[in-house]
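Scroll down for the structure; my scribbles are underneath it.
Since every read-out is calculated from the coordinates, none of them should be taken as a lab result. None of these values were measured; they are calculated from a predicted model. Reconstructed Cβ throughout: ideal geometry from the backbone, glycine too, with neighbour counts over all protein chains shown.
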Amino acid sequence: MAKVKKVKTKGGKIRKWIFILFSAYVVFTLVNQQVTMWKLKDQKAHYIQEIDKLKEEGDKLQQKVELYNDYDYIEMKARKKLGFIGEDEEVYIFPNN
């Protein structure tokens, strides 16, 4: 039985290097995408937190708007800050000694 010798050609080495380079590119791309995903998740969490804070602030401002549109509140503030009196009320001024 005759021995068959395998002849290595340059084509086999080239294929091997192409496979290694392609594999390295795929691994690099996957790692890069994973890092990008982590950064995006952190940004998303930050923006969600900021949105929640702004919603709370918006709710507080909406409550103030509703309060400022209430006639009784406006009347109370006018009496307290500006010294207004009602139509049927009398004002007594006492001299300071």
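For the chain, the longest principal axis of the alpha carbon atoms and the long axis of helix 10-68 meet at an angle near 10°.
Pop the C-beta distance of residue 21 and residue 51 into the FRET formula with R0 = 30 Å and round what comes out to the nearest 0.05.
The value I calculate is 0.10.
Over what distance in Å are the Cα centres of segment 76-95 and segment 33-71 separated? For segment 76-95 versus segment 33-71, the Cα centre distance is 42 Å. Estimated from helical segments only, the mean residue ellipticity of the chain at 222 nm is -27000 deg cm²/dmol, where each DSSP H run of four or more residues counts as -39500 (n - 2.57). Compared with the dominant principal axis of the Cα atoms in the chain, helix 71-82 is inclined by about 70°. Partners of residue 80 within straight-line reach, counting aspartates and glutamates whose Cα lies under 19 Å from its Cα and excluding those fewer than 8 residues away in the same chain: 70, 72, 88, 89, 90. Placing unit charges on the Cβ atoms only, positive for Lys and Arg and negative for Asp and Glu, gives the chain a dipole magnitude near 3220 debye about its Cα centre. Within the set [x] 27, 17, 11; [y] 20, 17, 11; [z] 88, 11, 7, the number that semi-axes √(5λ) of the Cα gyration tensor in Å takes when calculated for this structure is listed as [z].
Along the chain, the exposed loop sites are chymotrypsin sites (Phe, Trp or Tyr not before Pro) outside DSSP states H, G, I, E and B with at most 12 other Cβ atoms within 10 Å, and the longest stretch free of them is 1-83. Ranking 27, 46, 69 by Cα position along the charge dipole of segment 10-82, where only Lys, Arg, Asp and Glu carry charges on their C-beta atoms, puts 27 farthest toward the positive end.
Among the listed pairs 16/41; 44/77; 55/77, which are separated by more than 32 Å between their Cα atoms? Display every interim value, and only then the final one.
Values: 16/41 38 Å; 44/77 43 Å; 55/77 27 Å.
16/41; 44/77, as the Cα separations exceed 32 Å there.
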